[in-house]
Structure formats: C-alpha cells, structure tokens
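Nothing in this text is a laboratory measurement; each read-out follows from the coordinates by a stated rule. It should be emphasised that the depicted structure is a prediction, and the values quoted were computed from it without experimental measurement. Please note: Cβ atoms are built from the backbone with ideal geometry, for glycine as well, and neighbour counts cover all protein chains shown.
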Amino acid sequence: MTNNTTSNTTTTINNLSEDDREILAIELCEEANKLIKKLKVQEDENILEETTSSLSNTKLNSENTDNDSKEADDDEEEEFDENKTIEQITALFTKAIEIDITCLDAYLGLAYIKGIVKDYETAQQLLIKAQAIDPEDERVSLMKQTLEQDLLNDKQDKEDVDSMQDDECVLDTGKSSLNVPLIVINGKVTKKFIVILREIFDRFDLNKDNCLNKREMQLYSKAVNGQEMDPHSLQSILSHYDSNRTKGLTFTGFVELYVNQTIEDPSETIKDLNTLGYNKNLVKK
C-alpha cells in the first residue's frame with residue numbers, strides 16, 4: 001500500500017506543469033521558513049534563559065533545583081524539539097528541490113540549515129548550485145561570506161587547542177593537592193584531558209549540534225556503564241551542569257561533569273577512559 005501511494009504521488013508530481021512545480025516548491029519553502037522562524041525564536045528564548053540563569057546566585061539555584069526538575073519533567077512533552085524541527089526543515093527543502101531543481105530559495109534554505117549543523121561541505125556545494133541558478137542574487141554572496149567566516153572561526157578554534165602542550169594546564173579545579181597522572185596536575189586540568197573529553201563528546205554527538213541530547217546521553221551511559229541512566233539521574237545532570245534547554249548537555253557541561261567526578265573519585269574517571277578505549281597513557285588502544 002505504501003509503495004503504491006508513493007508511486008501515485010510521484011506520478012502526480014511528474015504530471016504537474018512547470019509553473020505548478022514552481023508554485024509547489026515555493027509553498028514547501030514557505031512552510032520550511034516558518035519552522036526556521038520558530039528555531040530563531042527558540043534560540044532567543046534560550047539566550048534569555050541562559051543569561052537569567054547566569055545572573056542567579058548559587059544558593060537560589062540550589063534551592064530551586066528540585067522544583068526546576070519537577071517542572072522540567074512536567075513540561076518534557078511540550079518542549080520544543082530542535083533536532084526534529086531541523087529534520088522537518090531539511091525534508092521540506094529537499095522535497096522542494098526534487099520538485100523544482102531550479103528553486104533558489106530551497107538551495108539557500110537547505111544551505112542555511114546545513115550551516116547550523118556544521119555540515120559546511122554540503123552547505124558550500126548547495127551555495128555553488130544556488131549561484132549557478134542566479135549569479136546576481138545578493139543572498140548567495142552574503143551566505144557564502146558568512147559560511148567562510150564560520151569555517152575560519154572553527155579552524156582558529158582548532159589551532160588554538162592544538163597550539164597548547166599536552167601537559168599544559170588549562171582549568172583550575174580549586175583543589176591544589178589533587179594530582180591524577182596526565183589528567184590533573186596540582187589541581188589543574190591538563191589540555192590532554194580536555195582534548196580527550198572533546199573526542200569522547202564528539203563521538204556521541206551524533207547530530208553534530210555541539211550538545212548531547214537525552215538520547216545521546218543514554219548512548220553515552222550505555223557505553224561507559226553498560227546501562228541507561230534513570231530519568232531522575234539524567235535530569236539531574238542536565239540541571240546541574242551547563243546545558244542548552246532544548247539541545248542538551250553542552251561540551252562545557254560535559255567537562256564540568258568529568259572534572260567534578262575526578263575531584264570526587266579519580267578512579268571512576270580512569271575507569272571510564274579505559275572503557276572508552278584509552279590506556280593509562282591516555283592513548284587510544
């Protein structure tokens with residue numbers, strides 16, 4: 001039944017005139033752009049929430065943790081799912097291109113989304129196609145400039161990390177007596193450990209949005225503990241460490257989690273690293 005329905009839909013689209021194809025593709029782009037507006041509104045709300053949170057004092061946050069967790073559980077079903085929305089937008093723009101291969105708005109929209117998820121190579125290819133359709137459209141030039149700047153920023157970030165020595169200390173734990181070989185020296189976290197945490201984080205960041213959502217966190221938990229976390233433990237991590245309300249645990253939060261664990265029980269961190277494929281010298285097995 002599904003194959004017949006798909007076949008009939010394809011046949012119907014193939015029977016459309018060129019003008020009708022153009023109209024249908026534009027309608028799909030308009031639908032996708034409405035979802036993009038929702039993404040932007042949500043991002044603004046996230047920025048406001050994170051700013052408000054950072055201004056709150058620690059005592060207040062501590063007192064409200066339980067209430068916040070309960071509210072988060074109650075609202076979980078109503079939360080804006082950014083990953084799902086991005087998938088929907090991608091599908092709409094892709095469909096628009098299938099219907100009208102000359103739909104400039106679809107190429108630009110899809111390139112924008114690929115930029116959000118840091119798939120820069122695909123974004124560049126889409127902009128090349130867009131420019132071929134209309135070399136004079138200023139939006140193409142503007143998006144290419146923005147993409148080039150994003151690439152430069154990413155490259156600079158990587159060079160900054162690579163320029164540091166492995167044993168260089170980059171984060172003070174406040175525990176000067178803490179020493180864990182190659183991980184913490186005189187209470188300060190090494191660059192080598194941060195780089196490894198980045199490798200681990202990226203391994204589980206499947207959608208490459210620079211956050212670990214709940215599904216990705218559970219995959220991580222199964223890898224290190226052999227089982228998923230219970231909902232309360234998962235929510236506790238998201239509440240106590242740096243997180244994006246809709247995307248999940250940030251890399252900063254992931255580092256905070258491991259630094260805190262290392263302070264409390266260094267052997268647990270060493271065990272995790274071993275389970276994830278690193279030997280005592282912090283080299284992949």
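For region 169-275, the relative contact order comes to 21 percent (Cα pairs under 8 Å, sequence separation of at least 6). Using a simple spin-label model with pseudo-atoms 7 Å out from Cα toward Cβ, K34 and I185 lie 5.8 nm apart.
Considering only DSSP states other than H, G, I, E and B, which GluC sites (Glu not before Pro) in region 131-240 qualify as loop sites with at most 16 other Cβ atoms within 10 Å? List each step's numbers first, then the result.
Working: sites: E136, E138, E148, E159, E168, E199, E216, E228; in loops: E136, E168, E228.
Those that pass, being in a loop and sparsely packed, are E136, E168, E228.
Which FRET efficiency, nearest 0.05, do Y120 and I23 yield, Cβ-Cβ r, R0 22 Å?
Plugging the Cβ-Cβ distance into 1/(1 + (r/R0)^6) gives 0.10.
Taking Lys and Arg as +1 and Asp and Glu as -1, the other residues whose beta-carbon sits under 13 Å from that of G277 total +3. Per-residue extension of 0.36 nm, minus the Cα-Cα distance of K175 and D154, leaves a gain of 4.4 nm for this segment. Using the average count of surrounding beta-carbon atoms within 10 Å as a protection proxy, the listed peptides 105-111, 119-125 rank, highest first, as 105-111, 119-125.
Put a dot 7 Å past the Cα of T90, heading toward its Cβ, do the same for D202, and the two dots end up 1.9 nm apart. Which entries of K129/K208; K222/K285; K144/K192; K247/K280 have Cα-Cα distances beyond 27 Å here? Over 27 Å Cα-Cα: K144/K192; K247/K280.
Determine the sum of side-chain charges near K95: Lys and Arg each +1, Asp and Glu each -1, restricted to other residues whose C-beta is under 11 angstrom from that of K95.
Values: positive: none; negative: E27, E31, E98, D100.
For residues surrounding K95, the net value is -4.
Applied to region 27-42, the Karplus parametrisation 6.51 cos²θ - 1.76 cosθ + 1.60 on θ = phi - 60° returns per-residue 3J(HN,Hα) values of 4, 5, 5, 5, 5, 5, 5, 5, 5, 5, 4, 5, 4, 5, 4, 5 Hz, with x for Gly and Pro.
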